[in-house]
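**Student:** Sharing a structure with you now.
Computed from the coordinates by the stated procedures, all read-outs in this text should not be read as laboratory data. Here the structure is a predicted model, which is why all the values come from computation and not from measurement. Every residue, glycine among them, receives a Cβ derived from its backbone with ideal geometry; neighbour counts consider all protein chains shown.
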Amino acid sequence: MSQKLQPVRGTQDILPEEFAKHRHVIDTARRVGALYGFKEMATPIFEFTEVFKRTLGETSDVVNKEMYTFEDKGGESITLRPEFTAGIARAFISGGLQEKLPIKYFSTGPLFRYERPQKGRYRQFHQINFEWLGNADPLADVELILMAADILEDLGILSKTKLNLNSLGDQETRQNYRAALVKYFSEHKNGLSEDSKVRLDKNPLRILDSKDEGDKKIVQNAPLMGEYYSAAAKAFFETVTARLKDSIYGDRVVINPKIVRGLDYYSHTVFEFIAESDELGSQNTVLAGGRYDGLIKTMGGPETPAVGFAAGIERLALMVHNTPASIAPVAIIPMGEAEVVEALKLASSLRHGGIAVEFIAGGNVGKAMKKADKAGAKHALILGSNELNNGKVVHKDLATGQQNEVSRAPETLIPILKK
Ligand code: HAM
């Protein structure tokens with residue numbers, strides 16, 4: 001087959017069985033989110049490149065290596081969104097939504113990153129995403145993380161994860177910590193990778209996240225952020241930690257100073273729910289986020305505190321094993337041409353009554369029954385010449401083979417089928 005007839009590397013078709021899992025994840029997130037006051041909204045799938053470039057961090061892998069950026073026919077630089085947060089911050093600013101604060105937004109849809117594909121990591125993937133704008137209180141972080149845990153719990157996977165929690169401090173913390181890192185890494189500059197030498201000038205914090213083996217060795221003895229927290233940052237993190245440890249999910253909480261996140265806009269709380277089961281292989285972060293109080297101001301908007309998270313739907317789907325059963329249809333089988341019109345009317349009235357119908361015409365009864373079985377039907381309604389005239393239909397239970405004649409009137413038939 002021509003290569004062009006394959007899906008592009010890192011993309012995949014989502015067939016019904018897999019889609020049922022995606023839908024279950026999205027429905028659960030939407031339902032739990034609504035219980036916390038989140039409203040659904042959508043931003044465009046592509047934005048001006050600027051929206052992502054400065055905000056996510058010019059030294060981040062996402063901006064440096066992974067964005068799908070192209071020039072459109074009007075000469076504008078456009079980027080397929082690699083994440084939701086920057087686009088939603090843009091929508092907040094360009095829509096003049098300040099009056100609506102506090103805002104709680106839920107979104108879902110596809111994202112694009114030119115990454116090396118492997119299990120749980122794709123070039124087109126999907127997220128459920130939550131953003132809470134306009135609340136600076138540490139309890140907002142706590143509530144948001146509890147909501148994330150509720151979603152994982154409802155999906156039946158919370159017990160397979162740990163909540164890794166860290167704080168990146170406030171501006172004062174980061175200025176002091178940055179100075180300490182620059183000093184330390186400058187002393188070890190010769191051992192750093194080329195990427196990290198660039199990061200040393202632009203964003204030394206990023207070196208802590210480096211995958212390079214040489215960098216990792218140097219990072220082992222680097223100064224720790226915890227020693228540089230300002231009093232305010234320390235108090236903020238202590239509140240978040242204490243409230244979470246006291247919550248019903250307290251046993252899931254782990255303080256992990258290594259969580260620094262791959263995007264630049266975070267401050268204070270950062271967190272990742274990391275899978276402990278081996279269903280995900282090395283891509284084991286299922287849900288991640290944090291506070292980003294500086295982002296909207298950096299983009300030219302009003303100073304607006306914010307906190308949010310996203311979870312990869314493909315990764316959640318790999319861990320979900322209890323999707324709700326799909327609705328079994330009722331098979332409607334007209335015995336011949338003469339019965340087709342009445343059978344179609346019957347199908348319409350049942351569908352209007354909320355019953356799924358698989359309409360099976362043509363062929364003999366044996367073949368029709370096989371088709372009904374393949375469609376997952378548990379019951380069949382068979383319409384022959386006798387029934388055509390007496391207002392009835394043969395109702396057959398496909399599991400037991402039992403059958404009897406019942407009225408075709410929807411008010412009689414629908415309650416029987418619903419039972
Ligand atoms: P992120 O850590 O880049 O954060 O992505 C969040 C989650 O999306 C990851 O934990 C993972 O489950 C999933 N994910 C990321 N990349 C891929 C990929 N290539 N293939 C499959 N799944 C992937 C953000 O995107 C932030 N915008 C989250 C946030 C919202 N922070 C504040 N608000």
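**Student:** Counting only other residues whose beta carbon sits under 12 Å from that of Ala180, what net charge do I get with K and R as +1, D and E as -1?
**Tutor:** +1
**Student:** Another question, then. May I ask which of Lys104/Lys418; Lys21/Lys297; Lys162/Lys217; Lys21/Lys418; Lys39/Lys234; Lys345/Lys378 have a Cα-Cα span longer than 29 Å here?
**Tutor:** Lys104/Lys418; Lys21/Lys297; Lys39/Lys234
**Student:** I'd like to know which of Thr28, Met41, Val240 lies farthest towards the positive end of the charge dipole of the chain, counting +1 on Cβ of Lys and Arg and -1 on Cβ of Asp and Glu.
**Tutor:** Of Thr28, Met41, Val240, it is Thr28.
**Student:** Which whole-number percent gives the relative contact order of the stretch 249-292, counting Cα pairs below 8 Å spaced six or more residues apart?
**Tutor:** In percent, rounded to a whole number, it is 38.
**Student:** Could you grab the relative contact order for the chain? Cα pairs under 8 Å, six or more apart, rounded to a whole percent.
**Tutor:** 16
**Student:** Show me the ranking of peptides 167-173, 124-130, 64-70 by mean Cβ neighbours inside 10 Å, starting with the highest.
**Tutor:** Result, highest mean first: 124-130, 167-173, 64-70.
**Student:** Run the dipole for the chain about the Cα centre, Lys and Arg Cβ at +1, Asp and Glu Cβ at -1, nothing else charged, and hand back the magnitude in debye, nearest 20.
**Tutor:** Here the chain has a charge dipole of around 580 debye.
**Student:** Something else: Under 5 Å between amide H atoms, partner at least 5 residues away or on a different chain: which partners does Met67 have, H built in plane at 1.01 Å?
**Tutor:** The answer is Tyr114.
**Student:** Hey, another quick one. For the chain, modelled as a GNM with alpha-carbon contacts under 10 angstrom, which of Arg116, Arg206, Arg261 fluctuates the most?
**Tutor:** Arg116
**Student:** While we're on this one: What number, in percent, do you get for the relative contact order of the stretch 273-379 if the mean sequence gap of Cα pairs under 8 Å and at least 6 apart is divided by its residue count?
**Tutor:** 21
**Student:** Through the Karplus equation 6.51 cos²θ - 1.76 cosθ + 1.60, θ set to phi - 60°, convert the phi angles of the stretch 296-301 into ³J(HN,Hα) values in whole Hz; use x for Gly and Pro.
**Tutor:** 3J(HN,Hα) across the stretch 296-301, in whole Hz: 5, 5, 4, 7, x, x.
**Student:** Take every DSSP beta bridge whose two residues both sit in the chain, then give the antiparallel share in percent to the nearest 5.
**Tutor:** 80
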